[in-house]
Amino acid sequence: MAEEFASIHLEDYYAKFIEQDVRPDGRELGEFRACSLSVGNLHPTADSSATVRWGNTMIVSGVKLELGKPTDENPEEGFIVINVEMTPLCESRFKPGPPSAFQQSVGQYIEEILINSGCIDLHQLCIKSGKLSWCIYCDIMCLNWDGNFIDACNVALISCLSRLKIPQLIIDEESDKPQINDDIPLRSLEIGLFPISSTFAVFNDSVVIADPNLHEESLTNSTVTITVNIEGTICGLRKNGGSSIKSDQLNVCLEKAVNRARELTQLIEQL
Amino acid sequence: RRVHGGIIQPHCRTVLKATVITVSVFVILYVVMSGLELLSDQGLRTDGRRSFEHRSINCRLGILKQADGSALLEQGQTKVIAAVYGPHEVTRRTTAVSEDRAIINCQFTTATFSRTERKSSNTLSDRRSQELSLQIKRTFESCVFTNLYPRSQIDIYIQILQSDGSNYSTAINAASLALINASIAIKDFMISCSVVYTNNTSLLDCSYIEESSRQPSLTIAILPSTSRVVLVDSVSRFHMDHLEELMDAAVEGCKQIHTILNNKVRQYITNISQQMIAQT
């Protein structure tokens, strides 16, 4: 009976729950879903990998290290390239073919969060100034979409990068080819404080709920994503149009985001 | 020189010269090492404005004859033209026709000649343009009374003609004016403003130099009568304690811009009605 009602009048179904300050999956309005993380599943083919289960959302990310030539403007810096894939495998709304505007904007934003946070200094990726540097290719794939892709993606990306180990290279003088020096142990990538993002959805210009799942995302046209690190530095703040909110509601979201950042930073560091 | 020769003794002159040279060397070193200062000690920005002043705003409504509504908006040196077509029948069969509301379609492009260096020609498929188009579409969905135009489509086309910072904000303001010119029912103006944070001060309405300086900046769009925030986009990082200050400054900036644009729209309507009366 409840299922039929939900499939026909999803908005009214949700409104009844929100009146009682609770959501159909049992969470409170400000509660995030549990996140579980496992790393190193794709070893040894991927240089670093992570799988994130965020409620029913499943994300797999893999990192490969390659060599490249630094640009002329920044001869002392390497590269980080982030590619996000949302295929029809994870949810039927994505059609095969070139990425839609939505897919491109999500991919763009994940990259922006990492760059804005400044947690990775690209100078550590340089091997020989102007000639050779490391290029980190991160590919993030969604296996099951149940809402809140950005937060889960971010956790997968950061846990991958924090586990990445970079080998030491010697450049053979005669053939001018780089070779891996097996004697020196791999060094970890140095990362500063992790930027952790938290997404909130706005209903009917009034109610703000944390961590929307798929059904909740389809009911709202407005999300707020706040990216903070545990120090309280905001690395990204974005509200995507849609329903309007008051400025003090943003402050409430900000506090929740900082708490969530502490939880998730601990989770990533503990593994 | 003859006076100097008489008043200042020769050995004092060499000491004076040496001091002047040393001081000027230090000043040059200071300027070169500190980079471009966005806010000088006297509180002036690179273009001579104060921190709370926005650039001069000029707008012209109804300049395109084919479009249902159009506007050319200039904020300082940033020039944006926006055209609105609609409400009309849904043209693309791939987009679902909505039974109870209008679909808003937005396209944001930057002209190749808009900056000092020529930008490559495929600005349409550029990731950033696509992202901004989607965000602007969502922003206006909360401002237009879409339920008054069921089963139809409203197109908003925005083109940046000259780019000197705050392109995104000027684009939203121009689209707002174009919607008004097209007589589409809206809840309120959608006003947008950008703020950059440097030296513990918020600078309103960033120019290109301020935007590209990698200081933290915020672009917001609000409905001015209720001060409710519809869009927020931040660049670079800042501490969360500064958020309230930045938001307040940006909301204040939006209200200033709203006053000006409101007056310009009313002037335009008065002129049109006077012309109509004169013709009859």
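Number of residues in the stretch A:202-229 that are within 13 Å of another protein chain (Cβ to nearest Cβ) and either under 14 Å from residue A:258 (Cα atoms) or open to solvent by less than 10 Å² (accessible area, probe 1.4 Å) (or both) equals 8.
For the stretch B:172-199, the set of residues classified as farther than 21 Å from residue B:52 by Cα and among the aliphatic types (A, V, I, L, M) consists of B:174, B:175, B:177, B:178, B:179, B:180, B:182, B:184, B:185, B:186, listed by residue number.
Each row is one residue, and each column tells you yes or no for (1) under 21 Å from residue B:175 (Cβ atoms); (2) charged (D, E, K, R); (3) open to solvent by 60 Å² or more (accessible area, probe 1.4 Å).
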site: B:45; (1), (2), (3): no, yes, no
site: B:56; (1), (2), (3): yes, no, yes
site: B:77; (1), (2), (3): yes, no, yes
site: B:90; (1), (2), (3): yes, no, no
site: B:99; (1), (2), (3): no, yes, yes
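Total residues in the stretch B:264-280 satisfying the condition of being open to solvent by less than 90 Å² (accessible area, probe 1.4 Å) and within 24 Å of the chain's Cα centre (by Cα): the figure is 3. If I filter the stretch A:38-48 for residues that are farther than 21 Å from residue A:147 by Cβ, in contact (Cβ under 8 Å) with a residue 40 or more places away in the chain, open to solvent by less than 80 Å² (accessible area, probe 1.4 Å) and among the aliphatic types (A, V, I, L, M), do I get at least one hit? Yes, the stretch A:38-48 contains a residue that is farther than 21 Å from residue A:147 by Cβ, in contact (Cβ under 8 Å) with a residue 40 or more places away in the chain, open to solvent by less than 80 Å² (accessible area, probe 1.4 Å) and among the aliphatic types (A, V, I, L, M). Can you spot a residue in the stretch B:183-199 that is out of contact with any helix residue (DSSP H, G or I) (no Cβ under 9 Å at 6 or more places or on another chain) and closer than 30 Å to residue B:37 by Cα? Yes, the stretch B:183-199 has at least one match. Regarding residue B:234, is this residue touching a strand residue (DSSP E or B) at 6+ places or on another chain (Cβ under 6 Å) and either more than 14 Å from chain A (Cβ to nearest Cβ) or surrounded by 16 or more Cβ atoms within 10 Å (Cβ to Cβ) (or both)? Answer is yes for this residue. Restricted to the stretch A:230-261, and to residues that are polar (S, T, N, Q) and out of contact with any His (no Cβ under 6 Å at 6 or more places or on another chain), which residue is nearest to the other protein chains (Cβ to nearest Cβ)? Result: A:244.
Applying the criterion of at least 3 residues that are over 21 Å from the mean Cα position of the chain (by Cα) to the strands (runs of 3 or more DSSP E) found wholly in the stretch A:69-146 leaves A:126-128, A:132-144.
Which of the residues that make up the stretch A:92-125 are touching a Gly at 6+ places or on another chain (Cβ under 9 Å), more than 12 Å from every other protein chain (Cβ to nearest Cβ) and open to solvent by 30 Å² or more (accessible area, probe 1.4 Å)?
Restricting attention to the stretch A:92-125, the residues satisfying the condition of being touching a Gly at 6+ places or on another chain (Cβ under 9 Å) are A:99, A:109, A:112-113, A:116-125.
Filter again for more than 12 Å from every other protein chain (Cβ to nearest Cβ), leaving A:120-125.
Residues satisfying the conditions are A:121, A:122, A:123, A:124.
Residue count for the stretch A:126-152 satisfying the condition of being over 20 Å from residue A:212 (Cα atoms) and at pLDDT below 90: 7. Consider the stretch B:255-280 and keep the residues that are of a type in the set (A, V, I, L, M) and modelled with pLDDT of 95 or more. The one that is nearest to residue B:191 (Cα to Cα) is B:257. Pairing residues of the stretch A:245-271 that are touching a residue at least 40 places away in the same chain (Cβ under 8 Å) and closer than 14 Å to residue A:210 by Cβ with residues that are β-branched (Val, Ile, Thr) and part of a helix (DSSP H, G or I), at Cβ distances under 9 Å and at least 6 apart in sequence or on separate chains, gives A:264/A:155; A:264/A:158.
Checked against (1) open to solvent by 10 Å² or more (accessible area, probe 1.4 Å); (2) out of contact with any His (no Cβ under 9 Å at 6 or more places or on another chain); (3) within 20 Å of residue B:218 (Cα to Cα), residue A:198 meets all criteria but (1). Within the stretch A:148-167, the set of residues being outside any helix (DSSP H, G or I) and either open to solvent by 10 Å² or more (accessible area, probe 1.4 Å) or touching a Lys or Arg at 6+ places or on another chain (Cβ under 9 Å) (or both) comprises A:148, A:163, A:165, A:166, A:167.
Condition test on residue A:175, is it over 21 Å from residue A:232 (Cα atoms), polar (S, T, N, Q) and either modelled with pLDDT under 90 or under 13 Å from the mean Cα position of the chain (by Cα) (or both)? Yes; evaluated as a whole, the condition is true for this residue.
The values are calculated or read from the model by the stated rules, or taken from the named source; none is laboratory data. Note that this is a predicted model, so its numbers are computed, not measured. Heads up, the Cβs are rebuilt from the backbone with ideal geometry, glycines too, and the neighbour counts pull from every protein chain shown. Surface areas here come from the heavy atoms of the whole protein model, side chains and all, with no ligands, DNA or RNA. Shrake-Rupley method; radii C 1.70, N 1.55, O 1.52, S 1.80 Å.
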